[in-house]
């Protein structure tokens, strides 16, 4: 009677975790994340993609600074030019980056990449 188990090892060490069930769990989580991204990209919802949020944040800051700088240069009252130019820059940055991300994500969905 030969037993292949070592009596010094605990029974838990002999049992290996089922890698297939772990892969299925990871696949389910990824599929759920993909589904969420598709819905938020095409219908509505909060975009939780870090890369997209960084792009939008940088676009807002750049457009705010450009708008404020242009406003200061074009208007005699520098404070009013700064405020109005900064506000217009924020709007341009918000809509511009939003439209860019919308088109970018639409193209990615058309070619089948739903990262």
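On the beta carbon distance between residue 47 and residue 83, with R0 = 30 Å, the FRET formula returns roughly 0.55. Which of rounded, prolate, oblate describes the range 53-115, given a ≥ b ≥ c as roots of the alpha-carbon gyration tensor eigenvalues and a/c under 1.5 marking rounded, otherwise prolate only if a/b is larger than b/c? Note, shape of the range 53-115 comes out prolate.
Site pair residue 55 and residue 73 shows an inter-label distance of 2.8 nm when each label is modelled 7 Å from Cα along Cα→Cβ.
By the count of other C-beta atoms within 10 Å, a proxy for reagent exposure, 49, 113 are ordered fewest to most as 113, 49.
The simple spin-label model puts a point 7 Å past each Cα toward its Cβ; for residue 91 and residue 62 those points are separated by 2.1 nm.
The numbers here are math on the coordinates, done by the rules we state, and not lab data. Just so it is clear, the structure is predicted and the values come from calculations on it, not from any experiment. Positions of Cβ are backbone-derived with ideal geometry, glycine not excepted, and every protein chain shown enters the neighbour counts.
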